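Heads up, the thing below is written out as structure tokens.
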Amino acid sequence: MMKPEVLSLHKSSDTSLMLELRLSADLFWFRGHFPTYPLLPGVTQVNWVMEYAGEILRLDKAFSGMEVVKFQRPLLPDETVSLHIDWLKEKHRLIFRYVLGETIASSGKITLCP
């Protein structure tokens with residue numbers, strides 16, 4: 001399995017959404033990263049932001065770069081996490097954060113091609 005189970009989806013506008021995701025231990029991304037302490041790779045987190053923004057916000061823009069990306073707490077198998085995505089159209093930026101309860105696990109800004 002390549003993507004997490006979406007437990008809920010809340011789209012508050014054409015540019016903002018929140019997904020509640022269950023990170024099943026069966027996800028492909030946990031295999032081998034790392035064998036004794038599996039965690040969700042940062043590149044996967046960024047990729048999911050791009051995929052969900054494309055699918056749900058209907059963004060068809062190519063990745064251009066990243067800024068201020070912080071991975072503060074590992075995302076582990078069988079956790080439930082909230083993914084918040086905001087599209088700043090005028091700046092061509094996706095702002096994201098993965099949140100566990102009150103803790104921001106990771107966050108950043110993805111710049112897309114105009």
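The values are calculated or read from the model by the stated rules, or taken from the named source; none is laboratory data. Quick caveat: nothing in here was measured; it's all calculated off a predicted structure. Here the Cβ is made from the backbone with ideal geometry for all residues, glycine too, and neighbour counts use every protein chain on show. Quick note on the areas: whole protein, heavy atoms, side chains included, nothing else; ligands and nucleic acids left out. Shrake-Rupley method; radii C 1.70, N 1.55, O 1.52, S 1.80 Å.
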- Does the stretch 26-44 contain any residue that is open to solvent by 30 Å² or more (accessible area, probe 1.4 Å), assigned to a helix (DSSP H, G or I), out of contact with any helix residue (DSSP H, G or I) (no Cβ under 7 Å at 6 or more places or on another chain) and under 14 Å from Lys109 (Cα atoms)? yes
- Task: State the number of residues belonging to the stretch 64-88 that are over 14 Å from the mean Cα position of the chain (by Cα), farther than 18 Å from Leu100 by Cα and free of Cβ contacts under 8 Å to residues at least 60 places away in the same chain.
- Result: 4
- Message: Going residue by residue through the stretch 61-72, is there one that turns out to be under 21 Å from Val6 (Cα atoms) and of a type in the set (Val, Ile, Thr)?
- Response: no
- Note on the structure: All-but-one check, Glu51 against (1) open to solvent by 50 Å² or more (accessible area, probe 1.4 Å); (2) in contact (Cβ under 8 Å) with a residue 40 or more places away in the chain; (3) in contact with a strand residue (DSSP E or B) (Cβ under 8 Å, 6 or more places away or on another chain); (4) of a type outside the set (A, V, I, L, M), failing number (3)
